[in-house]
Amino acid sequence: MTESTDLNAQQRHVLEALRPFLGHEADDLFESNGRSLRQLARFARDSSLPGCQRFVTGLALAQALLSEELGDRSVFDTPQAVADFLQLHFAGQAHESFAVLYLDARHALLAFEDLFRGTLTQTSVYPREIIKRALHHNAAGVILAHNHPSGSSDPSHADRVLTQVLRTALALVDVQVVDHLVVAGAQTLSFAQRGLL
């Protein structure tokens, strides 16, 4: 069991929040995962412990709350909420995955889908599937997103090429690529803010 005197104020706060989900196992699980919520989320996603399933459900509820906020207004009104939403979605994933936020004409969120799952370092992305899903949702715009489990948010050459391919393909059906975000733990890189779109 973790001695609360060994923890800083933030860690004590996190541990208190974890106890309703994880019960008497909270202290040991928090400690064995390096006192890191990101590592604990990765462990919990793969665990069959009932407390871990409750914790994963709590993460899903937090993500749903942020999704509701993004659906109420333009994503540009709350860019930090988009980053928070994606960081929460990708938290603890040990593999790369590629997701899309579908936006209406006001750039409010219509839908979110995690479309492609890959390995530790790469994901195969199929433009045809993204176009089909954008048309299905009647989207006017999309925000592309993927994670880098390596911890570096710097976009690779392949990330830049893929973004341009998707931008060109989606423009043919009048869907704008609003941004492409790369999430690496607590870091989020925006292609739009970097001038890469």
Sort out which residues of segment 163-185 are part of a loop (DSSP other than H, G, I, E, B) and crowded, with 21+ Cβ neighbours inside 10 Å, and write them in order of number. VAL175
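State yes or no: is LEU197 touching an Asp or Glu at 6+ places or on another chain (Cβ under 9 Å), aliphatic (A, V, I, L, M), surrounded by 13 or more Cβ atoms within 10 Å (Cβ to Cβ) and not in a strand (DSSP E or B)? First the steps, then the outcome.
Details: touching an Asp or Glu at 6+ places or on another chain (Cβ under 9 Å): yes; aliphatic (A, V, I, L, M): yes; surrounded by 13 or more Cβ atoms within 10 Å (Cβ to Cβ): yes; not in a strand (DSSP E or B): yes.
Considered against the rule, which asks whether it is touching an Asp or Glu at 6+ places or on another chain (Cβ under 9 Å), aliphatic (A, V, I, L, M), surrounded by 13 or more Cβ atoms within 10 Å (Cβ to Cβ) and not in a strand (DSSP E or B), LEU197 comes out as yes.
Kindly check whether there is at least one residue in segment 142-155 that is farther than 23 Å from GLY92 by Cα, surrounded by 12 or more Cβ atoms within 10 Å (Cβ to Cβ), at pLDDT 95 or above and more than 20 Å from the chain's Cα centre (by Cα).
If we filter segment 142-155 for residues that are farther than 23 Å from GLY92 by Cα, which is where we start, we get 142.
Now narrow it down to the ones that are surrounded by 12 or more Cβ atoms within 10 Å (Cβ to Cβ): 142.
Subset that is at pLDDT 95 or above: 142.
Okay, now just the ones that are also more than 20 Å from the chain's Cα centre (by Cα), so none.
No, segment 142-155 contains no residue that is farther than 23 Å from GLY92 by Cα, surrounded by 12 or more Cβ atoms within 10 Å (Cβ to Cβ), at pLDDT 95 or above and more than 20 Å from the chain's Cα centre (by Cα).
Of everything in segment 30-42, what is over 16 Å from GLN10 (Cβ atoms) and at pLDDT below 80? Give them in sequence order.
Of segment 30-42, the ones over 16 Å from GLN10 (Cβ atoms) are 32, 41-42.
If the condition is that a residue be over 16 Å from GLN10 (Cβ atoms) and at pLDDT below 80, then ALA41, ARG42 are the ones that fit.
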In segment 27-53, which residues are farther than 22 Å from GLY185 by Cβ, surrounded by 16 or more Cβ atoms within 10 Å (Cβ to Cβ) and either in contact with a Phe, Trp or Tyr (Cβ under 6 Å, 6 or more places away or on another chain) or small (Gly, Ala, Ser) (or both)? GLY51
What do you reckon, is ARG160 over 20 Å from the mean Cα position of the chain (by Cα) and either surrounded by 21 or more Cβ atoms within 10 Å (Cβ to Cβ) or charged (D, E, K, R) (or both)? no
How many residues of segment 84-139 are assigned to a loop (DSSP other than H, G, I, E, B) and under 17 Å from the mean Cα position of the chain (by Cα)? The answer is 13
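The values are calculated or read from the model by the stated rules, or taken from the named source; none is laboratory data. The model shown is predicted, which means the values in this text are computed figures rather than measured ones. For neighbour counting, all protein chains shown are included, and Cβ atoms are generated from backbone atoms with ideal geometry for every residue, glycine included.
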